[in-house]
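Data block below; observations after.
The values are calculated or read from the model by the stated rules, or taken from the named source; none is laboratory data. Only a predicted model underlies this, so the values are computations on that prediction, with no experimental measurement involved. Neighbour counts are summed over all protein chains in view; Cβ atoms, including those assigned to glycine, are modelled from backbone coordinates with ideal geometry.
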Amino acid sequence: MRIPPVNSLGLRETVNLGISDDEKVWHFRSAWNVAALNCLDPQYQPILDAYSSYIKDFARPLKRINDRIDADYRTEYRGRREAIMARESQMTMVYNYFALPPARADFCRTALGISQQYLATQDVDPIGFALANFATFEGPFERFFVAYEQYERESAAWDARYGERYGASQPGYVAVMNARSSRLPQPGSDPAELSATPLQETRVVDPETGARIPVVPVDETRASLPIVQPIPNDAGEDDTPQE
């Protein structure tokens, strides 16, 4: 998997970087939508309840934001169809990003916390609530990226020191090398391409943007990161196995 890099300003280069406040609100809504469709265990019911309330109670201000974003695309692109296709493509990447399977458990827990906060708050400002919690929705993915980068460093260090003698680190090394030799999916790609386990993916069309929202069942009990092979227990001080 290709992890979005951190730029010279220390910012992760994802679909959420450098966007307007209107887009932040819409991406927040999109993340919540993904959670409502994918976090289906009984304890996550508040996610669906809160999201349904949010888009129903604040349909008008959300529509105004959506209309402004559409207008921005029409200004940037020459034809109406070209603008529609460009936004649909962008929103598909946004939905795919938030459906990243390895971050699912953390994402659902985060969405649950946001939803419980929403349901417990009276007189919600829909725009302010979205902007205040936008970074919170990004948290699960940043935590996964950092953990995966740490794994890659540890795996590379292990392979450099012990790989020739004991074999490359498993199982992550094989998965990473195979991905590099064939294709390089990254967050924003089809979520079904980002898991070693075959996924039964379906799609729901967002009526506002035309983007297809992924619904990808993920077993939250399974580990999200590969494990770096440990040094053999019988290795001596010079890393040579003892007889």
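Among the conditions (1) under 18 Å from T14 (Cβ atoms); (2) over 19 Å from the mean Cα position of the chain (by Cα), the only one that E138 does not satisfy is (2).
Whether a residue is over 19 Å from A36 (Cα atoms) and outside any helix (DSSP H, G or I) was assessed, and R78 passes this test. Return yes or no: is R81 of a type in the set (K, R) and either in contact (Cβ under 8 Å) with a residue 12 or more places away in the chain or under 15 Å from V25 (Cα atoms) (or both)? Spelling it out, it is not the case that R81 is of a type in the set (K, R) and either in contact (Cβ under 8 Å) with a residue 12 or more places away in the chain or under 15 Å from V25 (Cα atoms) (or both). Taking the range 75-111 as the range and being over 16 Å from T136 (Cβ atoms), small (G, A, S) and under 22 Å from the mean Cα position of the chain (by Cα) as the test, the residues that pass are A86, S89, A99.
Among residues of the range 31-60 that are on the phi > 0 side of the Ramachandran plot, none has a Cβ under 6 angstrom from a residue that is at pLDDT 95 or above and among the charged types (D, E, K, R) at a sequence gap of 6+ or on a separate chain. From the list I65, I3, the lone residue that is assigned to a loop (DSSP other than H, G, I, E, B) and of a type in the set (A, V, I, L, M) is I3.
The residues in the range 54-92 that are over 28 Å from Q116 (Cβ atoms) and either touching a strand residue (DSSP E or B) at 6+ places or on another chain (Cβ under 8 Å) or of a type in the set (V, I, T) (or both) can be counted, and the count is 4. Could you list all residues from the range 123-139 that are in a helix (DSSP H, G or I) and exposed (fewer than 13 other Cβ atoms within 10 Å of the Cβ)? Correct list: G128, A135.
Filtering the range 61-78 to residues that are touching a residue at least 40 places away in the same chain (Cβ under 8 Å) and buried (at least 16 other Cβ atoms within 10 Å of the Cβ) leaves L62, I65, N66, I69.
Residues in the range 81-122 that are in a helix (DSSP H, G or I), small (G, A, S) and crowded, with 23+ Cβ neighbours inside 10 Å: A103, A111, S115. Taking D22, is it of a type in the set (D, E) and within 14 Å of L112 (Cα to Cα)? Against the criterion (of a type in the set (D, E) and within 14 Å of L112 (Cα to Cα)), D22 does not qualify.
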